[in-house]
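**Q** Next up is a structure, given as structure tokens.
The values are calculated or read from the model by the stated rules, or taken from the named source; none is laboratory data. All figures in this text were calculated on a predicted structure; none of them were measured in a lab. Reconstructed Cβ throughout: ideal geometry from the backbone, glycine too, with neighbour counts over all protein chains shown. Note: areas computed on protein heavy atoms with side chains; ligands, DNA, RNA excluded. Shrake-Rupley method; radii C 1.70, N 1.55, O 1.52, S 1.80 Å.
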Amino acid sequence: MLSFFSDQIDKHKAVSEEEKTINDLEQSEGSHFPGDDYRPSDRKNWMAGLDVEKLTLSKIVWPGTHDSATNDIGIPLVSRPLAECQTLSIYDQLVLGTRVLDIRVQEDRHICHGILTSYNVDAVIDDVIRFLSETHSEIIILEMRTEYGHKDPPEFETYLADKLGQFLIQQDDNLFNKSVSEILPKRVICIWKPRESPKPNRGGLLWNSDYLKDNWIDTDLPWTKFQSNLKHLSEQQPISSRKYFYRVENTVTPQADNPVVWVKPVTDRIRKYARLFISQCVAKGCGDKLQILSTDLIEEDFVDACVGFTHARIEGKV
């Protein structure tokens, strides 16, 4: 028993020390970067608000959400706080400015996060289509994947192609240097990541897992995650040289051996440092490698930071 309490004290101390380290960095170096003062006039249409002739996919810093469809996961006040990474619906996230969605499904086509489940994936698709019908120049990266430990939903590739066919951007290695205006009216890059089923073929309507990469580490320590994100990003090729999307997740994850296991208080340890991360990317010489930046519990300021850096790229300030 004494050993257990000693371990919990050590864990709390480690978290506190890492929070102090990352906070001290922000205090000493600031969170400024090119475009940090830019605010889109309409977050629902922020791509349209930029110059879509100049806005190539390789210049976009894509605001994304982690475990996007968890706003109705589990049982309220019981299991939901353990897995609720977003409180907004998919539609409301898109209106706020989110452009990369991380959707986890299980065999019966319901949303899940681990063993907890939510609504049918139809609700996600309906929200995406609603948003697309209300906008004209916004492009979305929709990542659909079978959750770890679950089986693939049968014929899911066909389902996605049938539901989203008119909006789907066909897989094309030359797409990355095309402008938004050249890609329209197609609007959705749909990446399907099954666990056991064959992955989508190259050149088809759906993109496979080769086109969305990341280096996720399972930790609840903010400075550890912050440093890992910078390290792995620095090892990537510049966006202009690669033919895939690379995601950095500005998140930390509750751990079973830690007394704090609810998502919000854990992820808050790093969530507020998104601007610091962008500024450090610039300071460390890897600002030209940042592409997708995702978060839990997305807010307006996170979107503004990504859009501001995108605007600076278009203006040649990066």
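**Q** Condition test on Leu206, is it touching a residue at least 40 places away in the same chain (Cβ under 8 Å) and either under 22 Å from Ile129 (Cβ atoms) or open to solvent by 70 Å² or more (accessible area, probe 1.4 Å) (or both)? Break it down into steps so the answer makes sense when it comes.
**A** Details: touching a residue at least 40 places away in the same chain (Cβ under 8 Å): yes; either under 22 Å from Ile129 (Cβ atoms) or open to solvent by 70 Å² or more (accessible area, probe 1.4 Å) (or both): yes.
Considered against the rule, which asks whether it is touching a residue at least 40 places away in the same chain (Cβ under 8 Å) and either under 22 Å from Ile129 (Cβ atoms) or open to solvent by 70 Å² or more (accessible area, probe 1.4 Å) (or both), Leu206 comes out as yes.
Condition check ((1) of a type in the set (S, T, N, Q); (2) under 30 Å from Ala283 (Cβ atoms); (3) outside any helix (DSSP H, G or I)) across all residues:
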site	(1), (2), (3)
His12	no, no, no
Asp36	no, yes, yes
Met47	no, yes, no
Ser58	yes, yes, no
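**Q** Additional query: So which residues in the stretch 278-307 are surrounded by fewer than 22 Cβ atoms within 10 Å (Cβ to Cβ), of a type outside the set (D, E, K, R) and within 21 Å of Leu96 (Cα to Cα), if there are any at all?
**A** Leu297
**Q** Does Asp42 satisfy the criteria of being surrounded by fewer than 16 Cβ atoms within 10 Å (Cβ to Cβ) and within 30 Å of Glu138 (Cα to Cα)? Give the derivation first.
**A** Values: surrounded by fewer than 16 Cβ atoms within 10 Å (Cβ to Cβ): yes; within 30 Å of Glu138 (Cα to Cα): yes.
Yes: the conditions hold for Asp42.
**Q** Would you say Asp288 is in a helix (DSSP H, G or I) and not hydroxyl-bearing (Ser, Thr, Tyr)?
**A** Details: in a helix (DSSP H, G or I): no; not hydroxyl-bearing (Ser, Thr, Tyr): yes.
No; evaluated as a whole, the condition is false for this residue.
**Q** Restricted to the stretch 183-203, and to residues that are of a type outside the set (Lys, Arg) and surrounded by fewer than 17 Cβ atoms within 10 Å (Cβ to Cβ), which residue is farthest from Leu132 (Cα to Cα)?
**A** Pass one, the stretch 183-203, residues of a type outside the set (Lys, Arg): 183-185, 188-192, 194, 196-198, 200-201, 203.
Now restrict to residues that are surrounded by fewer than 17 Cβ atoms within 10 Å (Cβ to Cβ): 184-185, 196-198, 201, 203.
Working: Leu184: 12, Pro185: 10, Glu196: 31, Ser197: 29, Pro198: 29, Asn201: 25, Gly203: 23 Å.
Looking at the filtered set, the residue picked out is Glu196.
**Q** Among Gln227, Gln255, which is under 23 Å from Lys13 (Cα atoms) and modelled with pLDDT under 95? Working first, answer last.
**A** Values: Gln227 fails: modelled with pLDDT under 95.
Being under 23 Å from Lys13 (Cα atoms) and modelled with pLDDT under 95 holds for just one of Gln227, Gln255, which is Gln255.
**Q** Now for a separate question. If a residue has to be of a type in the set (Lys, Arg) and surrounded by 16 or more Cβ atoms within 10 Å (Cβ to Cβ) to count, how many in the stretch 218-241 make the cut? Please lay out each step first, then the result.
**A** As a first pass, look at the stretch 218-241 and keep what is of a type in the set (Lys, Arg): 225, 231.
In the following step, the residues that additionally are surrounded by 16 or more Cβ atoms within 10 Å (Cβ to Cβ) were identified as 225.
Of the residues in that region, 1 qualify.
**Q** If you take the residues in the stretch 253-268 that are within 20 Å of Asp7 (Cα to Cα) and part of a helix (DSSP H, G or I), which one is farthest from the chain's Cα centre (by Cα)? First the steps, then the outcome.
**A** Going residue by residue through the stretch 253-268, those that are within 20 Å of Asp7 (Cα to Cα) are 253-262, 265-266.
Right, trim to part of a helix (DSSP H, G or I) and you get 265-266.
Values: Pro265: 19, Val266: 17 Å.
If we take residues in the stretch 253-268 being within 20 Å of Asp7 (Cα to Cα) and part of a helix (DSSP H, G or I), then Pro265 is farthest from the chain's Cα centre (by Cα).
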